[in-house]
């Protein structure tokens, strides 16, 4: 008698999340596994089935706790961005105007280039095509905090996002020259004026 093929798909009895009130714990575990898979294989190769296998649960459980592929992508990016933002917050504490922008940009670029988030983001979009990065609420919030205006200025944040992404995608080979470029051309537009928090670059 031939042996029966064993079913390797998770069942209700071996799905570690079924019947448990562990939504936050489940989401954290799923996001951690998703970040690892995306950083190693890229976003396009990432799938809910592969993620379910990595965390030993069913695809239905993944959808129930964290949503689909796009929702997981955004959550993973948000979590990674918060880690980078923590370093930036510490570096720019008490700073305003051009100095704040220059330091924030420099520190964020250093962290981003050394972080797995860079691999994830690069696999998700090819400049200047997909606009999900520039339209992302997470990225916009990140930029708004970096600018540090008492009254939020959407144009100032969007200018910083686009300049920052350009520096990330097309870095200068000479790190000193890149720092000088940031000091000379990115910082000055955010000079603090008496009657306004800052002046964003104006587009004619």
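Since every read-out is calculated from the coordinates, none of them should be taken as a lab result. What you see is a predicted model, and the numbers here were worked out from it, not measured in a lab. Reconstructed Cβ throughout: ideal geometry from the backbone, glycine too, with neighbour counts over all protein chains shown.
Sorted on the mean count of surrounding Cβ atoms within 10 Å across their residues, most packed first, peptides 89-100, 171-182 read 89-100, 171-182.
When the Kirkwood radius is taken over all Cα pairs of the range 66-118, what Stokes-Einstein diffusion coefficient follows at 10 °C and 1.306 mPa s, in µm²/s? Kindly include the intermediate steps, with their values, before the conclusion.
Working: Rh = 12.0 Å.
In µm²/s, the coefficient is 132.
Largest first, the extents of the alpha carbon coordinates of the range 19-66 on the three principal axes equal 31, 16, 14 Å. Using the Cβ-Cβ distance between residue 134 and residue 184 with R0 = 22 Å, the FRET efficiency computed as 1/(1 + (r/R0)^6) comes to roughly 0.40. Between residue 172 and residue 40, the simple spin-label model (points 7 angstrom out along Cα→Cβ) gives 3.8 nm.
Please compute the contact order of the range 23-67 in relative form: average sequence separation of alpha-carbon pairs under 8 Å and at least six residues apart, divided by the residue count, as a percent. Each step should come with its number before you reach the end.
Values: 26 pairs, mean separation 19.3, N = 45.
Relative contact order, the range 23-67: 43 percent.
Using the Cβ-Cβ distance between residue 91 and residue 64 with R0 set to 41 Å, the FRET efficiency from 1/(1 + (r/R0)^6) comes to roughly 0.60.
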